Amino acid sequence: MASRVGIRELRAQLSSHLESLTPIEVTRHGRTIGLYVPLPQHPGLTEREQLIEAGRQMQAELQRLGLTEDEIATDFKSWRQRQPRGTGKKA
């Protein structure tokens, strides 16, 4: 299960959170805005195997939050459409 961390706390304690092997549910004003899932640190695993395990953890967190990949993709597309174009800023 992910630890729930506000964005201010994440910024203030970034290095310690990134050293943790626990997934982090990042919130802003009580709303989940992202998930950080660290790669498992098992010496015998290849990078591919680590990514597969991280994907499994991500799926478990999405299920816990009641989200589907389609919902996330739809939300992302909606967000992208609302972003101003031609400002030279990357989203």
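Each reported figure results from applying straightforward, stated rules to the coordinates on display, with no laboratory input. Keep in mind it's a predicted model, so treat the numbers as computed, not measured. Cβ atoms come from the backbone with ideal geometry, glycine included; neighbour counts cover every protein chain shown.
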Query raised in the report: In debye, nearest 20: dipole of segment 15-91 around its Cα centre with unit charges on the Cβ of K, R (+) and D, E (-)?
Result: 620 debye
Report task. Towards the positive end of the charge dipole of the chain, with charges on Cβ (+1 Lys, Arg; -1 Asp, Glu), say which of Ser78, Ser15, Thr27 has the farthest Cα. Result -> Ser78
Report task. Describe numerically, in nm with one decimal, the distance between label points set 7 Å from Cα along Cα→Cβ at Met1 and at Arg64. Result -> 0.7 nm
Query raised in the report: If you rank His17, His42 by fewest surrounding Cβ atoms within 10 Å, what's the result?
Result: His42, His17
Report task. Determine the relative contact order of segment 3-74: mean sequence separation of Cα pairs under 8 Å and six or more apart, normalised by residue count, in whole percent. Result -> 22 percent
Report summary line: Diffusion coefficient in µm²/s returned for the chain by Stokes-Einstein, Kirkwood Rh over C-alpha pairs, 10 °C and 1.306 mPa s, is 106 µm²/s
**Report entry** Exposure proxy order (Cβ contacts within 10 Å, fewest to most) of Ile33, Ile24
**Finding:** Ile33, Ile24
**Report entry** Efficiency of FRET from Cβ geometry, Thr22 and Arg80, R₀ 22 Å, rounded to 0.05
**Finding:** 0.15
Requested in this report: Measure nothing fancy, just the Cα-based angle from helix 47-65's long axis to the longest principal axis of the chain, in degrees from 0 to 90, nearest 10.
Outcome: 60 degrees
